[in-house]
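Note sheet for the following structure.
Any read-out appearing in this document is the output of simple, stated calculations on the displayed coordinates, not a laboratory observation. Given the structure is predicted, the values throughout are model-derived calculations rather than measurements. FYI the Cβ positions are ideal-geometry reconstructions off the backbone, even for glycines, and counts take in every protein chain you see.
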Amino acid sequence: MWHIGRTNSPLPGFRLTLGYSVLYLSLIVLLPLAALLAKASAASWSEFWRIALDPRAVASYRLTLGAALAGALINAVFGFVVAWTLVRYSFPGRRLLDAIVDLPFAMPTAISGIALTAIYARTGWIGQWLEPLGIPVAFTPLGITIALTFIGLPFVVRTLQPPLQELEVELEQAAASLGASRWQTFCRVLLPTLLPPLLTGFALAFARALGEYGSVVFISGNMPMKTEITSLLIIVKLEQYDYTGAAVIATVMLGASFAILLGINGLQWWFNQRHRAGA
Amino acid sequence: MKRTPTDMPPVAATHVRENDPRWVRATLIAITVLFLGIFLALPLASIFTEALRKGIGVYLASFRQPDAYAAIRLTLLVSAIAVPLNVVFGLAAAWAIARFRFCGRNVLLTLIDLPFAVSPVISGLIYVLLFGLHGWLGPWLNEHDLQVIFAVPGIVLATLFVTFPFVARELIPLMEEQGSEEELAARVLGASGWQIFWRITLPNVRWGLLYGVILCNARAMGEFGAVSVVSGHIRGLTNTVPLHVEILYNEYNFVAAFAVASLLALLALVTLGLKTAVEWKVRRDRAESAASREGSTP
């Protein structure tokens with residue numbers, strides 16, 4: 001491990017707590033993840049790419065990426081409106097609405113999945129109106145997008161709320177006193193400040209949607225090449241005892257998640273730099 | 001990933017600014033209510049409607065199945081093991097990270113967040129690759145007649161993994177913010193490490209800890225993807241409540257599926273209620289302490 005020397009704090013328990021934390025982290029998180037990478041690298045280079053770029057796998061990446069992107073975009077637009085309304089306006093029911101924004105976090109994903117399927121199925125509350133219009137939702141990519149929108153919503157709203165609260169009244173007043181209209185103030189003064197957290201929330205929602213499983217499998221229909229997301233493809237491979245195949249696809253997915261995570265950290269770094277330069 | 005929505009959102013009522021024109025306000029409020037209504041309230045309502053479709057008698061009968069009973073017991077058992085283990089880890093990690101400066105501290109912080117970035121399915125898969133028959137430890141376990149995958153230990157491990165960061169990431173920022181002055185004072189006065197921990201640190205972080213435990217427990221009881229990979233779906237033995245719901249649903253036994261699901265929906269509502277209550281309590285305490293500080297320094 002890293003150099004574990006005494007630090008300058010006179011408090012006791014450093015070796016014990018750090019030792020235990022590192023041991024527990026290694027056993028629960030690092031060792032199993034290492035097993036995944038080992039299994040994936042057991043495949044030869046050409047074998048790895050043959051599995052990773054198999055048409056069925058590529059179709060699943062395309063579907064997962066597309067639906068996750070669409071869901072995150074819907075959340076960026078409506079999440080912005082929701083956060084703006086919840087922070088800046090007072091109206092009856094505001095606190096209740098604010099509390100239920102976290103529902104997608106609190107609700108087990110499988111339960112969200114069957115509830116959404118019930119609503120958007122042909123006989124469901126919303127499905128029965130969309131079906132005659134020629135817009136089937138359940139068991140189509142549109143249904144997957146709806147499930148991924150549900151799951152990503154709190155990320156955008158909760159990331160935007162703190163910066164919206166910190167917006168300075170003086171800034172808006174100054175813009176107004178200089179003759180800017182409300183719309184100009186919004187576009188030129190408020191939006192540039194809110195853009196970095198909006199992007200962060202968008203990226204967090206997107207990252208979460210990429211790996212989502214429980215809320216999607218019920219509404220997606222799970223047809224290979226058509227409505228099969230990447231998470232499900234991993235399970236299919238496991239059920240066929242194709243451990244190497246599952247490990248390879250999982251490694252590709254893990255790589256994508258980490259790349260997005262790195263991007264989010266970069267975004268926040270950029271945001272902080274700008275923030276500091278502006279202050 | 002320093003700030004994600006599991007951190008306490010500092011929502012307060014003092015930021016209301018109603019200087020937008022009335023029609024803009026009305027439109028945005030309408031969009032918010034509609035969007036949250038369709039995407040959040042409707043799914044919640046549909047669970048209870050579907051569950052009660054055939055009356056309260058059929059609803060209650062769904063819980064009297066031995067399989068449902070076994071699933072509830074297993075879910076309670078798994079979270080009773082996973083939550084305390086992650087609480088102990090969270091406290092240890094917060095003590096080490098928030099009270100000491102050491103080389104590799106930032107690496108450790110990033111690694112603690114790692115499970116949140118891993119898809120639930122992959123969180124289950126890694127244990128299959130480690131403990132399964134074709135995995136690293138599988139042959140050894142098999143020789144000694146131990147079973148991890150498709151058994152309760154695997155379900156506990158997968159749950160530990162997906163709930164790993166909850167408590168730690170609540171406690172670390174909180175303890176950093178509070179600083180160690182009180183603990184150092186106790187040390188100077190001759191208190192032992194355990195005395196400092198039980199009498200000062202733990203009481204100081206109790207609300208943050210409770211908040212982390214609430215979120216950790218909700219996820220532990222509701223986890224689906226990771227548990228589904230390692231469970232093997234053996235009825236009455238390795239089915240947790242979410243897995244039991246899936247089986248009922250796939251058998252077209254919709255009323256029973258939604259009835260059992262309504263238990264978890266209730267758990268989600270209780271979680272949201274407790275979470276909001278803790279947030280309000282913490283905010284009020286903070287406002288009070290800020291007010292008393294201002295009052296004491298003229």
Mean projected area in nm² (Cα convex hull; one quarter of hull surface) for the protein assembly as shown: 30.9 nm²
Using the Karplus curve 6.51 cos²θ - 1.76 cosθ + 1.60 with θ = phi - 60°, work out ³J(HN,Hα) for each residue of region A:95-100 in order, rounded to whole Hz, and write x for Gly and Pro. 5, 5, 4, 4, 5, 7
Rounded to two decimal places and with Rh computed the Kirkwood way over Cα pairs, what is Rg over Rh for region B:86-191? 1.14
Summing -39500 (n - 2.57) over the DSSP H runs of n ≥ 4 in chain A and dividing by its residue number, what mean residue ellipticity at 222 nm do you reach, to the nearest 500 deg cm²/dmol? -23500 deg cm²/dmol
Placing +1 on the Cβ of each Lys and Arg and -1 on the Cβ of each Asp and Glu in region A:44-278, which of A:Pro154, A:Val82, A:Phe186 has its Cα farthest towards the positive end of the resulting dipole? A:Phe186
In order through region B:79-95: 3J(HN,Hα) via Karplus (6.51 cos²θ - 1.76 cosθ + 1.60), integer Hz, x for Gly, Pro: 6, 5, 8, 6, 5, x, 4, 6, 5, 4, 4, x, 5, 5, 5, 5, 4
Projecting each Cα onto the charge dipole of region B:56-296 (Lys/Arg +1, Asp/Glu -1 at the beta carbon, about the Cα centre), which of B:Leu160, B:Ser292, B:Trp140 comes out farthest on the positive side? B:Ser292
Can you give the translational diffusion coefficient of region B:234-285 in µm²/s, computed by Stokes-Einstein from the Kirkwood radius over Cα pairs at 4 °C and 1.567 mPa s? 101 µm²/s
Pick out which of B:Val229, B:Val58, B:Val152 has the largest mean-square fluctuation in a Gaussian network model of chain B, springs linking Cα atoms closer than 10 Å. B:Val58
Relative contact order %, region A:44-278, counting alpha carbon pairs below 8 Å whose residues are six or more apart: 30 percent
Taking amide H positions as placed in the peptide plane 1.01 Å from N, state which residues far from A:Ala121 in sequence (5 or more) or on other chains have amide H under 5 Å from it. A:Gly127
So what is the relative contact order of chain B, in percent, for Cα pairs below 8 Å that sit 6 or more residues apart? 29 percent
Can you compute the radius of gyration and Dmax for region A:229-279, using only the Cα atoms, both in Å? 17.9, 58
Would you mind working out the magnitude of the charge dipole of region B:56-296 relative to its Cα centre, with +1 at each Lys and Arg C-beta and -1 at each Asp and Glu C-beta, to the nearest 20 Debye? 400 debye
Using the Cα centre of region A:44-278 as the reference point, and only Cβ charges (+1 on K/R, -1 on D/E), how large is the resulting charge dipole? Debye, rounded to the nearest 20. 300 debye
Would you calculate the convex hull of the Cα atoms in region B:73-145 and tell me its volume per residue in Å³? 147 Å³
Per the helix-only model, chain B has a calculated mean residue ellipticity at 222 nm (DSSP H runs of ≥4, -39500 (n - 2.57) each, divided over all residues, rounded to the nearest 500) of -23500 deg cm²/dmol
Average silhouette area of region B:172-233, convex hull of alpha-carbon atoms, in square nanometres: 5.9 nm²
Per the charge dipole of region B:56-296 (beta-carbon charges, Lys/Arg positive, Asp/Glu negative, Cα centre), the residue among B:Gly236, B:Gly222, B:Leu184 reaching farthest to the positive end is B:Leu184
List the DSSP H helices in chain A whose Cα atoms stretch 24 Å or more along the helix axis and whose mean Kyte-Doolittle hydropathy is at least -0.5. A:55-88, A:141-166, A:191-211, A:243-278
Express the C-alpha Rg of region B:56-296 as a ratio against the empirical globular expectation 2.2 N^0.38 Å, rounded to two decimals. 1.21
Computed on Cα atoms only, the convex hull of region A:44-278 has an orientation-averaged projected area in nm² of 16.4 nm²
Treating only the Cβ atoms of Lys and Arg (+1) and Asp and Glu (-1) as charged, compute the dipole magnitude of the protein assembly as shown about its Cα centre; round to the nearest 20 debye. 640 debye
